[in-house]
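The structure under discussion is supplied below as structure tokens; questions concerning it will follow.
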Amino acid sequence: MASGTMGFQTVRETNLGVVLRTVRELAPCSRAEVASATGLNKTTVSSLVTDLMSRGLVRETGRNSRQRVGRPGVLLALDDSSIAAVGLEVNVDYLSVVAVDLLQRELINRHVPFDARSAGAEESVRRIAHTLGTTLTDPALGGRTPVGVSVAVPALIDSPSGTVTHAPNLGWRNLPLRARLLELLREEGIEGVPVRVDNDANLGAVAEYRVGSFAGTADLAYLTGEVGIGAGLLTGGEPLRGAGGFAGEVGHLPLLPDGPECACGGRGCLEALAGIDAILREAVPDRVPDRPLSGGDIAALVEVAVERAGEGDATTVDALERAGGWLGRGLAVLINITNPGLVVLGGYFVPLGPWLLPPCRREAVATAFAPQAGGCRIELSSLGLSAAARGGATAMIHSLDAGLLPLPEPRVPTAPA
Ligand SMILES: [Zn+2]
């Protein structure tokens, strides 16, 4: 299984994942409880638990005091000391890196300003590989074995091959990112760690669903608030990817004929009206340089916009309210098609949220077909600029449970059950 994304599995591998997932849901729990929850017989569960313990994924955690009669059962929990998963997001002006343990606790969360747009594809790929290499050998992992790396890119992605098909705001086309990263990591002496490449908005949606403030909302849309605007869509808790994996490109909804030019070559797209680049040009026009905004510019200009809006500066407030209105119109289209229960606005939309959100909600309700936008709530993310990286790391951990990622090898021979 070269890709680490899918493959044929034995029944035993499938069952190891089932038991791992059940212990995650029920812990602390006994082997007998795992057996009754999964429908597997007790002997099989004991053997699978022994196997998972040898791989450092499950541990025993004391005795069951709830049990009144008979021999008290030993309780099981996830072992958080053995493995880690890493998520990295590359965006126009930063790299974000998150590592989590088996319990989804953050071990590393770093934000690195990086001007990916000016750096170009080759230098960016090298920088990503170097950052991954540093993270995978970081003492903050506490010696845990990395089980996988997820790389989020604001782009159309061919996930099976890990190729970036088109990233308009980065200027990348047909970049075999996974293959290049595996090659560069090998040069750094790191081999055998599966690498996946996914769209930043899809992974942001995973993060919101798994660990965000509104976790568990099964029908949700996550909107990235970067130079581009992408949407990650979950319906019934499952990602909606579309036939070619390109679903959710709300940034290129053509909202205003003959509107401002968009990086895609079109005009009047949502992100040309309400992407962070477009917002800053209108909100703090005297501070925006007469060239494409570089990595360093964006975060600083967002701060200026927040400061001026807070002081009630009319130019800034008007611009933010206009952008919020366009955002609401774009969301109305999304709401009409997918009927989400929740839309989470992420990235730079978060600091600008106090001004964007009221007109956004108003316009969504006014223009969506269903009354009150079908009951859809529009909220701000609590995960900030690390949402996609967090989502990638989280998705890797859940892939272990789902049997979609190879389990770490046993550290000691498995005792016979
Ligand atoms: Zn466009």
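Quick check on segment 228-255: of everything there that is in a loop (DSSP other than H, G, I, E, B) and touching a Phe, Trp or Tyr at 6+ places or on another chain (Cβ under 7 Å), which residue is farthest from the ligand (Cβ to nearest atom)?
Top of the filtered list is GLY237.
Under the condition of being under 19 Å from TYR348 (Cβ atoms) and charged (D, E, K, R), which residue from segment 87-118 is surrounded by the most Cβ atoms within 10 Å (Cβ to Cβ)?
Per the criteria, the residue is GLU89.
Let me ask something else about it. Among ARG291, ARG308, ARG322, which is under 14 Å from CYS360 (Cβ atoms) and charged (D, E, K, R)?
Answer to the check: ARG322.
Would you please name the residue that is surrounded by the fewest Cβ atoms within 10 Å (Cβ to Cβ), looking only at residues in segment 288-299 that are farther than 19 Å from LEU356 by Cβ and away from the ligand (no atom under 16 Å from the Cβ)?
ASP290
What are the residues in segment 256-275 that are assigned to a loop (DSSP other than H, G, I, E, B) and within 6 Å of the ligand (Cβ to nearest atom), if any?
Step one: filter segment 256-275 for residues assigned to a loop (DSSP other than H, G, I, E, B), giving 256-260, 262-266, 268, 275.
Answer for segment 256-275, where residues must be assigned to a loop (DSSP other than H, G, I, E, B) and within 6 Å of the ligand (Cβ to nearest atom): CYS262, CYS264, GLY266.
Which one of these does LEU233 not meet: (1) out of contact with any Gly (no Cβ under 8 Å at 6 or more places or on another chain); (2) closer than 23 Å to PRO351 by Cα?
Failing condition for LEU233: (1).
Checking the condition surrounded by fewer than 17 Cβ atoms within 10 Å (Cβ to Cβ) and under 20 Å from GLY232 (Cα atoms), which residue from GLY353, GLY346, GLY341 passes?
The match here is GLY341.
Of everything in segment 140-168 that's assigned to a strand (DSSP E or B) and within 16 Å of the ligand (Cβ to nearest atom), which residue is nearest to the chain's Cα centre (by Cα)?
Top of the filtered list is LEU156.
What do you reckon, is VAL304 part of a helix (DSSP H, G or I), surrounded by fewer than 21 Cβ atoms within 10 Å (Cβ to Cβ) and within 16 Å of the ligand (Cβ to nearest atom)?
Answer is no for this residue.
If you don't mind, another one. For segment 377-385, check the following and say yes or no: at least one residue is crowded, with 19+ Cβ neighbours inside 10 Å and in a loop (DSSP other than H, G, I, E, B).
The answer is yes; a qualifying residue exists.
Related question: For segment 91-110, does any single residue satisfy the condition of being in a strand (DSSP E or B) and at pLDDT below 95?
Yes, some residue in segment 91-110 is in a strand (DSSP E or B) and at pLDDT below 95.
Also: Only one of these is part of a loop (DSSP other than H, G, I, E, B), in contact (Cβ under 8 Å) with a residue 12 or more places away in the chain and more than 23 Å from the chain's Cα centre (by Cα): GLU409, GLU321. Name it.
After ruling out the rest, the residue left standing is GLU409.
Of (1) under 20 Å from GLU122 (Cα atoms); (2) surrounded by 23 or more Cβ atoms within 10 Å (Cβ to Cβ); (3) of a type outside the set (D, E, K, R), GLY204 satisfies all except one. Which?
Failed condition: (1).
Taking interchain pairs and intrachain pairs at least six residues apart, which have beta carbon atoms under 6 angstrom, with the first residue in segment 41-59 and without any contact (Cβ under 8 Å) to a residue 12 or more places away in the chain and the second in a helix (DSSP H, G or I)?
Cβ pairs passing all conditions: LYS42/ALA35.
Name the one entry in ALA373, ALA364 that is surrounded by 23 or more Cβ atoms within 10 Å (Cβ to Cβ), in contact with a helix residue (DSSP H, G or I) (Cβ under 6 Å, 6 or more places away or on another chain) and modelled with pLDDT under 95. Don't jump to the end; show me each part of the working.
Values: ALA364 fails: modelled with pLDDT under 95.
Just one listed residue meets the conditions, ALA373.
Please tell me if GLY225 is away from the ligand (no atom under 15 Å from the Cβ), assigned by TED's automatic domain parsing to the domain that holds GLY330, part of a loop (DSSP other than H, G, I, E, B) and touching a strand residue (DSSP E or B) at 6+ places or on another chain (Cβ under 9 Å).
So GLY225 fits the description; yes.
The values are calculated or read from the model by the stated rules, or taken from the named source; none is laboratory data. Quick caveat, the model's predicted, so the values are computed rather than measured. For neighbour counting, all protein chains shown are included, and Cβ atoms are generated from backbone atoms with ideal geometry for every residue, glycine included.
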